[in-house]
Structure formats: C-alpha cells, structure tokens
Amino acid sequence: MAPRPAWQRLLSDIQARTTDAIVCWHVDRLTRRPRELGDIIDLADRRDMELATVTGEIDITVRVQAYAAYGRAQLCR
C-alpha cells in the first residue's frame, strides 16, 4: 500500500497530544486496514482521546463498541 503522509501526521499528532479528538463519518472511512483501527483505538486509550462517528452509531471510546467497530472493519475490508 502506498505511503500515507496525512495518516502518519495524524498518528504523530495523537502521540504529541496536539489532537484531542477524531470524528469520522463512519468507522470504515477512518482507516484502510483493520489493524490501523486497532492502532487508533489503542492510541486513543493511552492518550485519553475522543473518537466518534458523525452518524453516532458507534462511539469507539467505549471498549465494547470499539471491538464491534474493529469486527465491522474486518468484514468491510
């Protein structure tokens, strides 16, 4: 897969704590691979960062819903 400078910048911003929330349209629009979603969920936990979808169907800051989102992302790919 091609390098994704904006994705890497987002991850760097999260680690540097210059980003305190991510809002996406739908969970499957946030990442290209299920592993990336897992990485974001883990980072959000460690950095106490908010993650939510615009449509509100899943709040991935809630652990059970995060696992559901991860499973859905795997199915969508």
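We did not get these values from a lab; they are worked out from the coordinates using the rules stated. For clarity, every value in this text was computed on a predicted model and none was experimentally measured. A quick note on method: Cβ atoms are made from the backbone with ideal geometry, for glycine too, and the neighbour counts reach across all protein chains shown.
Couple of notes before you dig in:
- Cβ-based net charge around Asp48, under 12 Å, with every Lys or Arg adding one and every Asp or Glu removing one: 0
- Using a Förster distance of 30 Å, the FRET efficiency for Asp13-Thr55 (Cβ separation, nearest 0.05): 0.80
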